[in-house]
Amino acid sequence: MTGVDVRAFTVGPVAENSYILRAADGSSSRALIVDPGDEPQRLLAAVEALGVELEAILVTHCHFDHIGAVAPVAEASGAPVYCPSIEQPVLADVMRWVPPGFGPFESYEADHVLSGGERLSLAGLDIEVIFTPGHSPGHLTYAISAAGSPPALLSGDVLFQGSVGRVDLPGGDWPTLERSIGGLLEAFADETVVYPGHMGVTTLGRERATNPFLRELVIEKAPSHRAG
Ligand SMILES: [Fe+2]
């Protein structure tokens, strides 16, 4: 139990996970959405069905499958968009970067840019912004908690159940991604729930123990936890 109510919606042709989050105690009628990647009408209908107002749209990185619905969701909800600073030009000119056969998607000028290290308070939730490059050059992970509860990690395409983000796209780099994942393992407890951009929910501890891509990291680093 993280203190955060997280709803997952798998959208689009490459099964990307969009997440709607709000405080789990029902005290807030406000919510966040992370990576609205496609199917904007479905995501907006889900927001309405939950009876919440969107207060912010957070983007982990600007691959098309994570940002395809940013513009229509922002326009319909009025919620500001928070985007990785380095990747903002991609959001602002989406179709230039989309492989043939996908889209069309609408571009959007981010309302706020983030580089990692920021702390935000949005929709009654506390958000720590962590720079986790390697899958893409500006990739961010959001550690989201409510009222001092342990954080949940919205990790985009950094870490998956039994896998890791691909590093063969422009700006990808395995040693960099490995360092980013190592940083998350070092900073957060094993029980920390990970909501990835593709496939199912996992925990840092499960990946530390079983993810074949993390073997070198596990040998190099002794686990350490931090409070909260
Ligand atoms: Fe990606």
* To do: Give me the accessible area per residue for the stretch 49-157, probe 1.4 Å, as a whole number in Å².
  => 37 Å²
* Structure fact -> Honestly the stretch 25-71 on the Cα gyration tensor test (a ≥ b ≥ c root eigenvalues; a/c under 1.5 rounded, otherwise a/b vs b/c for prolate or oblate) is just oblate
* Integer Hz, Karplus 6.51/-1.76/1.60 couplings in order for the stretch 70-80, x for Gly and Pro -> 4, 4, x, 5, 5, 5, 6, 9, x, 6, x
* Ignoring ligands, DNA and RNA, what percent of the 1.4 Å accessible area of the stretch 109-228 is carbon and sulfur? -> 56 percent
* To do: State, to one decimal in nm², a quarter of the convex hull surface area for the C-alpha atoms of the chain, i.e. the direction-averaged projected area.
  => 11.1 nm²
* Sorting Arg215, Arg22 by accessible area (1.4 Å probe), largest first, what list results? -> Arg215, Arg22
* Structure fact -> Under a 1.4 Å probe, counting only protein heavy atoms, His112 has an accessible area in Å², nearest 10, of 80 Å²
* Structure fact -> The simple spin-label model distance between Glu53 and Ser85, using points 7 Å out along Cα→Cβ, in nm, is 3.0 nm
* Asked: What does the stretch 133-182 give for Rg and for Dmax, in Å, if only its C-alpha atoms count?
  -> 12.0, 39
* Structure fact -> Once phi for every residue in the stretch 135-145 is put through the Karplus expression 6.51 cos²θ - 1.76 cosθ + 1.60 (θ = phi - 60°), the whole-Hz ³J(HN,Hα) values, with Gly and Pro written as x, are 6, 9, x, x, 3, 10, 10, 10, 9, 10, 9
* **Sequence-separation-based contact order of the chain, relative, with Cα cut under 8 Å and 6+ spacing, percent** => 16 percent
* Asked: For the chain, modelled as a Gaussian network with Cα springs under 10 Å, which listed residue fluctuates most, Asp38, Asp111, Asp126?
  -> Asp111
* **Backbone HN-Hα couplings from phi across the stretch 200-213 [Karplus 6.51/-1.76/1.60, Hz, Gly and Pro as x]** => x, 6, 9, 10, 4, x, 4, 5, 4, 7, 10, 6, x, 6
* Asked: Counting each DSSP H run of 4 or more residues in the chain as -39500 (n - 2.57), what helix-only mean residue ellipticity at 222 nm follows after dividing by all residues, to the nearest 500 deg cm²/dmol?
  -> -6000 deg cm²/dmol
* Asked: Using a ≥ b ≥ c from the Cα gyration tensor of the stretch 21-133 (square roots of the eigenvalues), is it rounded, prolate or oblate, where a/c under 1.5 gives rounded and otherwise the larger of a/b and b/c decides, a/b for prolate?
  -> oblate
* Asked: With +1 on each Lys and Arg Cβ and -1 on each Asp and Glu Cβ, how big is the dipole of the stretch 76-205 about its Cα centre, in debye rounded to the nearest 20?
  -> 120 debye
* Structure fact -> Magnitude of the Cβ-charge dipole (Lys and Arg +1, Asp and Glu -1) of the chain about the Cα centre, nearest 20 debye, reported as 460 debye
* C-alpha center-to-center spacing [the stretch 140-165, the stretch 113-134] in angstrom -> 11 Å
* Structure fact -> Taking N as the residue count of the stretch 34-98, its alpha carbon Rg divided by 2.2 N^0.38 Å gives 1.07
* **Built amide H within the under 5 Å cut-off of Phe160, gap 5+** => Gly165
* Net charge over other residues, Cβ less than 12 angstrom from the Cβ of Leu50 (K, R count +1; D, E count -1) -> 0
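The values are calculated or read from the model by the stated rules, or taken from the named source; none is laboratory data. Just so we're clear, the structure is a prediction, and the values are computed from it rather than from any experiment. Neighbour counts run over all protein chains shown; Cβ positions are idealised from the backbone, glycine included. Just so you know, the surface numbers come from the protein's heavy atoms only, side chains and all, with ligands and any DNA or RNA stripped out. Shrake-Rupley method; radii C 1.70, N 1.55, O 1.52, S 1.80 Å.
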